[in-house]
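In what follows, a single structure is set out as structure tokens and then discussed.
The values are calculated or read from the model by the stated rules, or taken from the named source; none is laboratory data. Predicted, not measured: the structure shown is a model, and the values here were computed from it. Cβ placement follows ideal geometry from the backbone for every residue including glycine, while neighbour counts extend to all protein chains displayed.
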Amino acid sequence: MKKISLLGSTGSIGTNVLDVIERNPENFQIIGMSAGSNIDLFAKQIRKFKPRVVALFDTKKIPTLKELIADLDIEILSGEEGTITVATLTEADVVVSGVMGSAGLLPAIHALKSGKNLALANKETLVIAGELVLREAKKTNSQIIPIDSEHSAIFQVLNGEKKKRIKKIILTASGGPFRTFSLDEMETVTVKDALKHPNWEMGAKITIDSSTMMNKGLEYIEAKWLFGLNTPVEIIVHAQSIIHSMIEFVDTSILAQLGIPDMRVPIAYALTYPDRFECDLPSLDLTTMGNLTFEAPDFERFPCLGLAIDAMEIGKTMPAVLNAANEIAVQAFLEELISYKDIAELIRMVMQNHNPSPLKELEDVLIADRWAREETTKLVTVTH
């Protein structure tokens, strides 16, 4: 039985992880859980899975959480330090990071430092500090197992293959809800419009990222770190989200991983790797799929994708700045402080104002992250 520490249990990834574990109680045991601020759901999860240690990032809500689970003999920790403790529990076999945004970086780093295998759904960890994260994994011989459906697909296709035989990675993208919108139509996109993803059920931030295709840009950066900085990565739009990604090998053979668009599939693979087990989920029926379509992404309508690729090519602290600027801009859009098209423009301006520096230590990442957040917030104020 694998013992699991779950970071971000109340989010979209976290709830799907718990669903997989609940369906397979003979294979997994939750020993630690962390959440942000959703104490009602967190308390219910704690009662159901009874972990040994829990952590709530929102320290102000700790007294309420203690009241909700007062009858349980569970250690309750708080803040970032508590989350790191959950990420480094001695008995954990796998740490699952489903924390949203850059907040997932420090717990992931500490999990790797403590020698844990990391099932990673938080793409920002590698986006903003890929070099440092891989360095820590190498030091402790820890494995990073991707949960993102695209990176899981590549990981699965590579099983038994050699990275040096890759000709290129082909990342698929759904194209989001505005795949067929004209530039004029995108001028009037509302928050409600952007939160309607055609294929996936996700949290608000990642749904907006999918609509701008920034999500695919972040995945492009993540793929570079996971599978080789010199490996070409091509992005194609595949609206049906059935082929989750592909690899073309040097002999021109292309291998793809297909499946239903359900995050529980790559989650189950990450938890069971290097094994697989039967999932109580519907099988993919290709006879009902109709046509599977592919098209090139439109960088004019989705400028965030180009900005992410540029950030990776520049390197150093630029990906951290890209990510931080995007997080602030997306939140400003969700709060209706800026328009949809302002998201990309704000990120572009912040990147132009940044002088990238090398990533030698974790502090270099944190400084760049703070600077970008402050700079973007100033621009939001001016725009608003």
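Looking at 108, 103, can you tell me which residue is modelled with pLDDT of 95 or more and either out of contact with any Lys or Arg (no Cβ under 9 Å at 6 or more places or on another chain) or not acidic (Asp, Glu) (or both)? Reasoning before the result, please.
On the way: 103 fails: modelled with pLDDT of 95 or more.
108 is the lone residue from the list that is modelled with pLDDT of 95 or more and either out of contact with any Lys or Arg (no Cβ under 9 Å at 6 or more places or on another chain) or not acidic (Asp, Glu) (or both).
Please go through the stretch 137-154 and pick out each residue that is farther than 15 Å from residue 125 by Cα, free of Cβ contacts under 8 Å to residues at least 60 places away in the same chain and surrounded by 17 or more Cβ atoms within 10 Å (Cβ to Cβ). Walk me through how you get there before you give the answer.
To start, the set of residues in the stretch 137-154 that are farther than 15 Å from residue 125 by Cα comprises 138-142, 149-150, 152-154.
In the following step, the residues that additionally are free of Cβ contacts under 8 Å to residues at least 60 places away in the same chain were identified as 138-142.
Correct list: 142 only.
When you look at residue 103, is it touching a residue at least 12 places away in the same chain (Cβ under 8 Å), buried (at least 22 other Cβ atoms within 10 Å of the Cβ), out of contact with any Gly (no Cβ under 6 Å at 6 or more places or on another chain) and closer than 22 Å to residue 361 by Cα, yes or no? Steps first, please.
Values: touching a residue at least 12 places away in the same chain (Cβ under 8 Å): yes; buried (at least 22 other Cβ atoms within 10 Å of the Cβ): no; out of contact with any Gly (no Cβ under 6 Å at 6 or more places or on another chain): yes; closer than 22 Å to residue 361 by Cα: yes.
No; evaluated as a whole, the condition is false for this residue.
Based on this model, can you work out whether residue 140 counts as among the β-branched types (Val, Ile, Thr), farther than 24 Å from residue 370 by Cα and not assigned by TED's automatic domain parsing to the domain that holds residue 363? First the steps, then the outcome.
Details: among the β-branched types (Val, Ile, Thr): yes; farther than 24 Å from residue 370 by Cα: yes; not assigned by TED's automatic domain parsing to the domain that holds residue 363: yes.
Against the criterion (among the β-branched types (Val, Ile, Thr), farther than 24 Å from residue 370 by Cα and not assigned by TED's automatic domain parsing to the domain that holds residue 363), residue 140 qualifies.
Can you tell me which residues in the stretch 37-69 are among the small types (Gly, Ala, Ser) and at pLDDT 95 or above? Write out each step before concluding.
Our first condition is that a residue be among the small types (Gly, Ala, Ser); within the stretch 37-69, this holds for 37, 43, 55.
Within the stretch 37-69, 43, 55 qualify.
So, in the stretch 225-267, exactly how many residues are touching a His at 6+ places or on another chain (Cβ under 7 Å) and either part of a loop (DSSP other than H, G, I, E, B) or farther than 29 Å from residue 2 by Cα (or both)?
Selection size over the stretch 225-267: 1.
Residue pairs, Cβ under 8 Å, 6 or more apart or interchain, first in the stretch 61-82 and farther than 11 Å from residue 43 by Cα, second assigned to a helix (DSSP H, G or I) and polar (S, T, N, Q). List them.
77/83; 77/85; 78/59; 79/59
Of the residues that sit in the stretch 327-378 and are small (Gly, Ala, Ser) and part of a helix (DSSP H, G or I), which one is surrounded by the fewest Cβ atoms within 10 Å (Cβ to Cβ)? Let's see the steps before the verdict.
We begin by selecting, within the stretch 327-378, every residue small (Gly, Ala, Ser); these are 329, 332, 339, 344, 357, 368, 372.
Next, from what is left, pick out any that are part of a helix (DSSP H, G or I): 329, 332, 344, 368, 372.
Working: 329: 29, 332: 22, 344: 20, 368: 25, 372: 28.
Across the stretch 327-378, the extreme among qualifying residues is 344.
Which of (1) in the same structural domain as residue 47 (by TED's automatic domain parsing); (2) over 14 Å from the mean Cα position of the chain (by Cα); (3) crowded, with 20+ Cβ neighbours inside 10 Å is the odd one out, the single condition residue 90 does not satisfy?
(3)
Does at least one position in the stretch 188-202 carry a residue that is without any contact (Cβ under 8 Å) to a residue 12 or more places away in the chain and charged (D, E, K, R)?
The answer is yes; a qualifying residue exists.
Just for the stretch 222-261: of the residues that are of a type in the set (A, V, I, L, M) and out of contact with any strand residue (DSSP E or B) (no Cβ under 9 Å at 6 or more places or on another chain), which one is surrounded by the most Cβ atoms within 10 Å (Cβ to Cβ)?
Once the filter is applied, the top-ranked residue is 260.
May I ask you to verify whether residue 270 is buried (at least 18 other Cβ atoms within 10 Å of the Cβ), in the same structural domain as residue 221 (by TED's automatic domain parsing) and assigned to a helix (DSSP H, G or I)?
On the way: buried (at least 18 other Cβ atoms within 10 Å of the Cβ): yes; in the same structural domain as residue 221 (by TED's automatic domain parsing): no; assigned to a helix (DSSP H, G or I): yes.
So residue 270 fails the test.
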